[in-house]
Amino acid sequence: MTELIVGGCSGSYTPAHSRPIFGHLTTSFGFLDRENKTGIIIDNGTGVQTVSKEMKVGGVECVTILQTHFHHDHIEGLQLNELLFGNPAIKINIIAPILDSGVYFGELVNRHFATVVWPVYPARISTLYHFFPSQRSPLSAFSGVGIEFLALNHPGGSVGYRFMMPDRKVIVVTTDNELNTVDSKRNYGEFVSGADVLIADCQYTQGEYDGKAELGGLAVSRRGWGHSTPEMLGDVLRHWTLIRPRRVLLTHHDPSRTDEGLLEFHENLCQPWGFEMLKPGMYEI
């Protein structure tokens, strides 16, 4: 059995207000297989402190860490990832795309842990794989899990991952993605089709996206910002997906929304599509 760990599902930055239901930590997810003592971590937002701790408690011996992209809210928790410090018995593989900037993730790691920024360099970065996300393609299997990736529509580039678990379940993670073109809809629909679980970006209402409604005190167009609306996601799953994912979990919650605002967002806009709002915690997959 695979357990999904949601360490953080907030987008962009840490909310300034209390949010006990939906959390204040930025993006980091984990898949924990206690029986085989393996784990997978997706992204190093501040939520990685929770994910890495659960991995250690779960007794993992092999962990694969994947990056979707390198925006600050997805790497700002690198120094909080406990698996990178000590733990010599744990084998760690890191996989990261080479995105539009051409920057290697290893370069960003070195900057994060330069002594002028942080006092201790991690002892556990051993194997770092880079790949060009030019199209949908398979990666080698890691931690007994088959992995495919898809280039997503996001400023600076980003990738989604499709995981084929040992129990044959399929989990797709596509945070930070704007479904606003025919190509992005077609490619996305094919990529997520038939998934048991889809974790999908869904940050704005259509009014906020179009600049007709305020969010965080601003009524400006969010077109081109790299995030989607429930209507965009629902349209793709209805018209561009051969087999709709069995369960759809929404992530990258806008930090300006309170818990009450997110509950309203879910009830009015997401629940009619059958979508669930992701919260920090453990999920059985």
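Taking the numbered list (1) in a strand (DSSP E or B); (2) surrounded by fewer than 18 Cβ atoms within 10 Å (Cβ to Cβ) in turn, residue 264 passes all entries but (1). Residues of the range 227-243 that are touching a residue at least 24 places away in the same chain (Cβ under 8 Å), out of contact with any Gly (no Cβ under 6 Å at 6 or more places or on another chain) and surrounded by fewer than 17 Cβ atoms within 10 Å (Cβ to Cβ): 231, 235, 239, 242.
Only one entry of 173, 182, 197, 192 meets the criterion of being among the hydrophobic types (A, V, I, L, M, F, W, C) and more than 29 Å from residue 41 (Cα to Cα), and that entry is 182. Beta carbons closer than 8 Å, at least 6 apart along the sequence or on distinct chains, pair a first residue in the range 249-276 that is on the phi > 0 side of the Ramachandran plot and modelled with pLDDT of 95 or more with a second that is in a strand (DSSP E or B) and acidic (Asp, Glu) for 252/201. In the range 230-248, is there at least one residue being modelled with pLDDT of 95 or more, under 19 Å from residue 185 (Cα atoms) and assigned to a strand (DSSP E or B)? Yes, some residue in the range 230-248 is modelled with pLDDT of 95 or more, under 19 Å from residue 185 (Cα atoms) and assigned to a strand (DSSP E or B).
Evaluated against (1) surrounded by 15 or more Cβ atoms within 10 Å (Cβ to Cβ); (2) touching a residue at least 60 places away in the same chain (Cβ under 8 Å); (3) not aliphatic (A, V, I, L, M), residue 167 falls short on exactly one condition, (1). Considering only residues that are at pLDDT below 90 and either surrounded by fewer than 17 Cβ atoms within 10 Å (Cβ to Cβ) or among the acidic types (Asp, Glu) (or both), which ones fall in the range 92-103? Correct list: 100, 101, 102, 103.
Residues that are touching a helix residue (DSSP H, G or I) at 6+ places or on another chain (Cβ under 8 Å), part of a loop (DSSP other than H, G, I, E, B) and not acidic (Asp, Glu) within the range 208-218 comprise just one, 213. Those strands (runs of 3 or more DSSP E) of the range 101-207 in which at least 1 residues are more than 17 Å from the chain's Cα centre (by Cα) and not hydroxyl-bearing (Ser, Thr, Tyr), considering only elements entirely within it, cover 127-131, 137-142, 145-152.
Taking every residue in the range 20-41 that is within 19 Å of residue 198 (Cα to Cα) and pairing it with any residue that is among the charged types (D, E, K, R) and assigned to a strand (DSSP E or B), at least 6 positions away or on another chain, the pairs with Cβ-Cβ distances below 6 Å are 32/3.
The values are calculated or read from the model by the stated rules, or taken from the named source; none is laboratory data. Predicted, not measured: the structure shown is a model, and the values here were computed from it. We place every Cβ from the backbone using ideal geometry, glycine too, and count neighbours over all the protein chains shown.
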